[in-house]
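The values are calculated or read from the model by the stated rules, or taken from the named source; none is laboratory data. The shown structure was predicted, so the numbers you read here are calculated from the model rather than taken from an experiment. Please note: Cβ atoms are built from the backbone with ideal geometry, for glycine as well, and neighbour counts cover all protein chains shown.
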Amino acid sequence: MLVSVARSLRGPRSILWKSFSTSSSVSAHDVSGDQVPYYTKPKYFNSRAIPLPDVPFVSELTSQQKALKEKEAGSWTQLTNEEKLALYRISFDQSYEEMKKGSPNEWKTIVGAVFYFVAFSGLCLWWYREYVYFPIPHTLSEDWIAMQTKRMLDMRINPVTGLSSHWDYEKNEWKK
């Protein structure tokens, strides 16, 4: 009985075989041009890094723009500057200089970002001082440093070029 089931699975007309077959007449990847998902079509965007986008700025032309495109196929010396600019605006939203120019309120964004990062750094510094760093050792207190300096002077440590060379032992004060 198991042999007969295996033979039925192996045959080209079995239902199970058709579900695994890639050569069936209906393909899942057969999509016509109208059914292409919108997210797979190239989009227009201005970028200083890539100044020539993949698609034109205006995708559906008006009758005036179509007439201008037909006129474009002829001699460009017959086109006026306004028509040349209109042809340019069909393909591009902004010129490269317009993209580089930026907006007049761009400084506000930059100052805001700087303030944001300064505030964030201040919060991180406060958090480190409160919860991460150990307390300051007692050897860094002013009293301890004064006692240590007094002891070094009493022991006359490095009397030729060091700390003791700047101390006047007769007057008990620093040399001037």
For G102, indicate whether it is surrounded by 10 or more Cβ atoms within 10 Å (Cβ to Cβ) and farther than 30 Å from P56 by Cα. no
Take segment 124-148 and flag every residue that is closer than 30 Å to S164 by Cα and either in contact with a helix residue (DSSP H, G or I) (Cβ under 8 Å, 6 or more places away or on another chain) or in a helix (DSSP H, G or I) (or both). H138, T139, L140, E142, D143, W144, I145, A146, M147, Q148
Selection within segment 57-96 - surrounded by fewer than 13 Cβ atoms within 10 Å (Cβ to Cβ) and touching a Ser or Thr at 6+ places or on another chain (Cβ under 8 Å): Y88
Count - residues of segment 123-176 that are touching a residue at least 12 places away in the same chain (Cβ under 8 Å) and polar (S, T, N, Q): 2
Cβ contacts < 9 Å: first residue in the same structural domain as I90 (by TED's automatic domain parsing) and over 16 Å from R89 (Cα atoms), restricted to segment 36-54; second residue modelled with pLDDT of 85 or more and of a type in the set (S, T, Y), any location; separation 6+ or different chain. Result? R48/Y96
Restricting to segment 156-168, name every residue that is out of contact with any helix residue (DSSP H, G or I) (no Cβ under 8 Å at 6 or more places or on another chain) and surrounded by 10 or more Cβ atoms within 10 Å (Cβ to Cβ). G162, S165, H166, D168
